[in-house]
Amino acid sequence: MLNFAELTTEDRIVLRYRLDAQTGAGQSLTDVLGTVQQVTDSAVVLQTRTGPVTVQRSAITHAKRVPPTPVRRGRAPRNPEA
């Protein structure tokens, strides 16, 4: 597993962690993808597209670094004469 002591605020990671209670669909694990904001002895805070997410370290089952967010390419200009 990833060494949390080596993470920096530039690192983009994905975490798989246990949910506190099973969801209605019977799921007990979920994933979160984001950029590291903070690492403490008890939790990891990631900045996701929808905002910060705090995950208790005791709930984490898997963790790994992922490549930076891909750069979106713009659409090709439309040709009004075509």
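When residues in the range 24-82 are screened for being among the acidic types (Asp, Glu), part of a loop (DSSP other than H, G, I, E, B) and at pLDDT 90 or above, 1 of them pass. When only residues in the range 1-21 that are acidic (Asp, Glu), surrounded by fewer than 16 Cβ atoms within 10 Å (Cβ to Cβ) and outside any helix (DSSP H, G or I) count, which is modelled with the highest pLDDT? Taking the candidates together, the pick is Glu10.
Within the range 22-43, the presence of at least one residue that is surrounded by fewer than 13 Cβ atoms within 10 Å (Cβ to Cβ), under 10 Å from the mean Cα position of the chain (by Cα) and free of Cβ contacts under 8 Å to residues at least 60 places away in the same chain is confirmed. Restricting to the range 53-64, count the residues that are farther than 11 Å from Asp11 by Cα and open to solvent by 90 Å² or more (accessible area, probe 1.4 Å). Total meeting the criteria: 3.
The values are calculated or read from the model by the stated rules, or taken from the named source; none is laboratory data. These numbers come from a predicted model, not from an experiment. Don't worry about glycine lacking a Cβ; one is built from the backbone with ideal geometry, like all the others, and counts go over all protein chains shown. Only protein heavy atoms, including side chains, enter the accessible area calculation; ligands, DNA and RNA are left aside. Shrake-Rupley method; radii C 1.70, N 1.55, O 1.52, S 1.80 Å.
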